[in-house]
Amino acid sequence: MLHNLFKYRYLILFGFFSLWMLFFDSNNAFYRFSIASEVSDLEDSKALYEKQIADLKRQRTELFGNLVNLEKFAREKYMMKKDNEDLFVIVNDTLPDE
């Protein structure tokens, strides 16, 4: 019996090492899979934020590049008006069907 264990000592050590690395080590397989999925999620959100930043930069150049666009933005977003104008705000009380 001892002779058979000695004969397969490398296989036994490899099996023990594999079990240790898969389940008991601080960097086990489950931890690595969870970290990999978290990195994937963060890369996806990074791509989304980069797309939003590019869109906002484009809007900023369009807005500040032309005074007509700047006035239109101020009127629509902040409800600004000229002195001799009246402003009417229409509010829709019903929610759209989704």
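The values are calculated or read from the model by the stated rules, or taken from the named source; none is laboratory data. Here the structure is a predicted model, which means the values were calculated and not measured. Every residue, glycine as well, gets a Cβ built from its backbone with ideal geometry; the counts of neighbours run over all protein chains shown.
Tabulated data for the structure shown
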{"item": "Subset of segment 50-83 [surrounded by 10 or more Cβ atoms within 10 Å (Cβ to Cβ) and among the aromatic types (Phe, Trp, Tyr)]", "result": "Phe64, Phe73"}
{"item": "Whichever residue in segment 46-98 is among the hydroxyl-bearing types (Ser, Thr, Tyr) and in a helix (DSSP H, G or I) and, among such residues, is nearest to the chain's Cα centre (by Cα)", "result": "Tyr49"}
{"item": "Checking Leu48 against (1) modelled with pLDDT of 95 or more; (2) touching a helix residue (DSSP H, G or I) at 6+ places or on another chain (Cβ under 8 Å), the condition it does not meet", "result": "(2)"}
